[in-house]
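The block underneath contains the structure these notes are about, expressed in C-alpha cells.
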C-alpha cells in the first residue's frame, strides 16, 4: 500500500484555498504538526528507522538500507505505518517494523533527546490567547505522541491532539486529521477558517486536500521552500514562532 503522490491538481487547488479565505485574521482553528514544526527531534526519526530496519533484517550501510532511508526522508510527515507498508510490503512485516520504530523513538524521547522548536510554546499560547483553537497532529502512533507531550510538559497546552488512528487510520497526505480536528473542535464555521501548518510537503497536501484557508510551511524541519510551495503552501515561514504575526496580519 502506497500513498498518493503529489500532483499538479493538488498544488493548484491551493490557489482556491488562498483566494476563498477571509484572510489570515479570519482563521479560527490552527492544526499544527509536531516533529519538525513545533518539536525539534534532532533526526530521531532516522535513528528509530535504523531499529525498524534491523528488525526486518536490513543490514546497516547496505544498498537496501540506503534506499529505504532515502524513502523515509522523502516521505517525512506521512503516517509511519504507511511508510513501512511501502517499504516491507506484507502487513505483518510492516507492523513489526512500525512497532520497532515506535519503541525506539519512544526510548529516545524518554532519554531527553527532544525539545520544543524555539518559540513554539509561546506561539501556541499567543494563538490561543487571540481566541483561536489549536490542535497538535502527528504521523506517529498515539503512544509516541503521548511520550512527546509528556516529555515537553505539553499535555494541557492545546485543546486536542490527533494521530492517524484518531481519524480512521489514514495519516497525511490525506486530509483526515484536519477534518477530524474541524469536526471535533467545532471551532470554525467553515474550512476556510482553518489553518494547517507543517514542515513537510505531506503536511501541505493534507491542508490543501482538506480545503483549509491557510496552508503554511515552516523551514525548521524536513523540506525546503520549493517543496512546500510545490505541494500547495500558501505561505512559508522561517518558523512556527512567526505564525502569530501572520494570523494577526503583521506579515
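What follows draws every value from the coordinates through simple rules; no lab data is involved. Everything quoted here is computed from the prediction, not taken from an experiment. Counting neighbours? That spans all protein chains shown, and the Cβs are built from the backbone with ideal geometry, glycine included.
Brief remarks on what is shown
- Base-10 log of normalised Debye intensity for the stretch 106-241 (one unit scatterer per alpha-carbon) at q = 0.11, 0.12, 0.18 Å⁻¹: -0.37, -0.45, -1.09
- For the chain, the equivalent ellipsoid built from the Cα gyration tensor has semi-axes of 29, 20, 16 Å, listed from largest to smallest.
- Cα shape, the stretch 133-180, gyration tensor, a/c 1.5 rule: oblate
- Backbone N under 15 Å from the residue 113 label point (7 Å along Cα→Cβ), restricted to the stretch 84-107: 100-107
- Sequence-separation-based contact order of the chain, relative, with Cα cut under 8 Å and 6+ spacing, percent: 30
- Estimated inter-spin distance, residue 129 and residue 67, nm [label 7 Å along Cα→Cβ]: 5.3
- Per-selection Rg to Rh, the stretch 44-110 - Cα, Kirkwood hydrodynamic radius: 0.92
- Segment residue 46-residue 224, length gained on full extension (0.36 nm per residue, minus Cα span): 62.3 nm
- Taking every alpha-carbon pair under 8 Å whose residues sit at least 6 apart, the stretch 158-217 reaches a relative contact order of 32 percent.
- Burial ranking of peptide ranges 219-227, 59-67, 79-87 (average Cβ count within 10 Å, highest at the top): 79-87, 219-227, 59-67
- Sites residue 165 and residue 74 - FRET efficiency at Förster radius 35 Å, r taken between beta-carbons, to 0.05: 0.90
- Per-peptide average of other Cβ atoms within 10 Å, ordering 186-192, 101-107 highest first: 101-107, 186-192
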